[in-house]
1. Got a sec? Charge dipole of the chain, +1 on Cβ for Lys and Arg, -1 for Asp and Glu; which of Leu112, Leu135, Ala79 is way out at the positive end?
2. Only Lys, Arg, Asp and Glu count, each charged at its Cβ (+1, +1, -1, -1), so figure out the dipole size of the chain about its Cα centre, rounded to 20 debye.
3. Report the one residue of Met236, Ala160, Ala49 whose Cα lies farthest in the direction of the positive end of the charge dipole of the chain (charges on C-beta: Lys and Arg +1, Asp and Glu -1; origin at the Cα centre).
4. With charges only on Cβ, +1 for K and R and -1 for D and E, what is the dipole size of the range 108-224 about its Cα centre, in debye, rounded to 20?
5. Quick one: grab Rg to one decimal and Dmax as a whole number for the range 6-146, Cα atoms only, in Å.
6. Which percent of the Cα-Cα distances in the range 169-225 go past 12 Å?
7. Test of the criteria: in the range 66-153, which GluC sites (Glu not before Pro) are in a DSSP loop and have at most 16 other Cβ atoms within 10 angstrom of their Cβ?
8. So what is the 222 nm mean residue ellipticity for the chain from helices alone, if each DSSP H run of at least 4 adds -39500 (n - 2.57) and you divide by all residues, rounding to the nearest 500 deg cm²/dmol?
Amino acid sequence: MLLADTEFVTWVDSDGFFTGNVSEKLVPLSPGEIHIRMRGEAENALAFASHRFGGDGRAIPAEVLEAWRKDVPGAGEAAPGIPRCCSDCLLSLHRSHRSLLEAWRDQMARVLPSGNVGVVDRRLPFYHQLDESVLNSLLCFLPGAPRVSDEYRLDREPEALFVHFVCHPKPWVGWTPSSLPKFGRYLDVVDYAVEAGLELPGPLPFSLRRENRAWCSLLAGPVLYRHKFKRLLRRMKTQGSGR
């Protein structure tokens, strides 16, 4: 994002897609905002469900806020800028807030270990969501941070959605019961890429061929349980090697 030389800069996670032209809805409504989705109370509680902090998690736990305040340079005694965490799978901001991106980069280097395990690392009590936790700490306490937009505009209209495949496996590995309803929409994107002659990373996998929809639907349950079983085996192996 720091390499962009445009009026607005946007980050979008690669494991998702847009259902239509979102050009009018992507960037914030004003330069003083960051367009990002704030989690609802129930979703925020899920993010902190397995942690040791008190409360119901529907707001950012006080113990987490205290740690963030100590870590963010210049935080002072101001109230947190957001009541709940935001999802950094999609964010867009004006170039006048480049300082937030620089602070994000620097803060990750300071507080995250070099050996983290990916998207979530439960060993880190205050930064278990890694880059996302760091961004939220800055939206809470960084002086001059942009204001989080009052509304997220990419989850309302069927023709202007950002669909994020948050669960595993991803559709290019296999469809699951939760992702299967998006089969047609996602294959529209695949068809467009093929017809436009765009360079693809390799041959289309079985799950991204429209003629295989019936098979993908039939296999959705087994694909999900196979993934869960393999993850369980990995966890057991890791725990066994740690003894």
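The values are calculated or read from the model by the stated rules, or taken from the named source; none is laboratory data. What you see is a predicted model, and the numbers here were worked out from it, not measured in a lab. Using ideal geometry, Cβ is built from the backbone for each residue, glycine included, and neighbour counts are taken over all protein chains shown. Remember, those area values only see protein heavy atoms, side chains included, never the ligands or the DNA or RNA. Shrake-Rupley method; radii C 1.70, N 1.55, O 1.52, S 1.80 Å.
1. Leu112
2. Values: 31 positive and 29 negative charges, 291 e Å.
So the dipole magnitude of the chain works out to roughly 1400 debye.
3. Of the candidates, Met236 comes out farthest on the positive side.
4. Values: 12 positive and 13 negative charges, 83 e Å.
It comes to approximately 400 debye.
5. Over the range 6-146's Cα set, Rg and Dmax evaluate to 15.1, 43 Å.
6. Values: 1007 of 1596 pairs.
Summing the P(r) tail past 12 Å for the range 169-225 gives 63 percent.
7. On the way: sites: Glu66, Glu77, Glu102, Glu132, Glu151; in loops: Glu77, Glu151.
Here the sparse-neighbourhood loop sites are Glu77, Glu151.
8. Working: 6 runs with 84 residues, N = 243.
Result for the chain: -11000 deg cm²/dmol, rounded to the nearest 500.
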